[in-house]
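To keep things clear, I will list the structure first and then write my remarks on it.
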Amino acid sequence: MYSLDGRVALVTGAGAGIGRRIATRFAQEGCDVALLDIDAAGAEETAAEVRALGRRALALAADVGDPDAAGAAVAQARATLGPVDIVSNNAAIVRVGPVIELAVEDWREVFRINADGVFHICKAVIPEMIARRSGRIINTASWFGKIAKPNYSAYSASKFAVIGLTQALAGELAPHGVTVNAVCPGTIVGTRMRSDADARSVEQGLPTAKEREALIPLGRVGVPDDIARVVAFLASDEASYMTGQSINVTGGLWMH
Ligand SMILES: NC(=O)c1ccc[n+]([C@@H]2O[C@H](COP(=O)([O-])OP(=O)(O)OC[C@H]3O[C@@H](n4cnc5c(N)ncnc54)[C@H](O)[C@@H]3O)[C@@H](O)[C@H]2O)c1
């Protein structure tokens, strides 16, 4: 365990799945945590879990894709918990289908949340991080941000964008003592995004994540804690010489 004692973290998409585990992991490491999610009830549930771990929590119902809402949520987090030391940009959605059938609205919505959302939250937290000469930003991309698959054009392209933004921002903020990295999860079960994907596979007569487990070199699908552990490391002083990296957490499924 890395001590993040006394730090303030903000997690987007914290109302469920991987984001919830990142938030509770931060709390276990000693952080107070702001939980931002478009699903207010989910964010409140995570807040209760953080408080049960003895840390302060603030649930924020907001859409990361709305720049004003994202800015207001960050301001509220700062006003309630103090300056934000750590940001986990984790909220995302998926829209699936061949490009020829994908509606332009779906393409835009995926980018609005997955890529623009990271941009808006970063814009809101960066000035104070620069002023304090410290900060950690960890973006959740995907292995689909490195290798795109058919039917996932918008999702994959948005995750490539997250990796590009991570690299550009890392260079911009390095002189100011702020690091920016990404995690690239592989097949992570126990989340809504994964159960939706499995439901689509079943509909199409394709194997579920669990049934494809043998293809993963480490022999098992991932769970949210596999990602949360790496995010906590990247948020810690142990990772102080890392920036601009996009770390695969895939059980070896993807190695580039
Ligand atoms: N589960 C996987 O196998 C997997 C694989 C690779 C990458 N990822 C990435 O991990 C992250 C978390 O995924 P998950 O599997 O936990 O998904 P999930 O669907 O379980 O959770 C996503 C959370 O984001 C929230 N959210 C959606 N739109 C939002 C918006 N506009 N504003 C604020 N919050 C919003 C949802 O309400 C939800 O609580 C995502 O970035 C996803 O792309 C997941």
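Bear in mind these aren't lab numbers, they're just calculated from the coordinates by the rules spelled out. As the structure is a computational prediction, the values presented were derived from the model and not from experiment. So basically every Cβ, Gly included, is an ideal-geometry build from the backbone, and we count neighbours across all protein chains shown.
Computed packing ranks the peptides 40-49, 130-139, 7-16 as 7-16, 130-139, 40-49, most packed first, by mean other Cβ atoms within 10 Å. A Cβ-based charge dipole, computed about the Cα centre of the chain with Lys and Arg at +1 and Asp and Glu at -1, lands at about 480 debye.
Partner aspartates and glutamates whose Cα lies under 13 Å from the Cα of Lys159, excluding those fewer than 8 positions away in the same chain, are identified as Asp116.
A dipole drawn for the chain from +1 and -1 charges on Cβ atoms has a positive end, and of Val74, Thr250, Val50 the residue lying farthest that way is Thr250. Between the residues Gly171, Ile126, Trp107, the greatest Cα displacement towards the positive end of the dipole of the chain, with unit charges on the Cβ of Lys, Arg, Asp and Glu, is found for Gly171. On the beta carbon distance between Glu213 and Met242, with R0 = 25 Å, the FRET formula returns roughly 0.25. Take every pair of alpha-carbon atoms less than 8 Å apart whose residues are at least six positions apart; their mean separation over the length of the chain yields a relative contact order of 19 percent.
Distance between the pseudo-spin-label points of Asp196 and Val223 (7 Å out from Cα toward the beta carbon): 2.4 nm.
Would you mind calculating the relative contact order of segment 28-148 from Cα pairs under 8 angstrom and at least 6 residues apart, reporting the percent as a whole number?
Values: 156 pairs, mean separation 30.7, N = 121.
Here the relative contact order equals 25 percent.
With R₀ fixed at 30 Å, the C-beta to C-beta distance from Ala75 to Ala174 puts the FRET efficiency at about 0.70.
Which whole-angstrom value gives the distance between the alpha carbon centres of segment 210-256 and segment 128-207? Their Cα centres are 12 Å away from one another. For Lys210, the aspartates and glutamates whose Cα comes closer than 13 Å to its Cα, not counting residues fewer than 8 places off in the same chain, are Asp198. Each of the peptides 185-191, 51-57 was scored by the mean count of other Cβ atoms within 10 Å over its residues; in descending order, highest first, they stand as 185-191, 51-57. Legend: calculated FRET efficiency, Leu206 to Asp68, from the Cβ-Cβ distance at R0 = 45 Å, rounded to 0.05, equals 0.65. In terms of packing, defined here as the mean over residues of other Cβ atoms within 10 angstrom, the peptides 228-239, 114-125 line up highest first as 114-125, 228-239.
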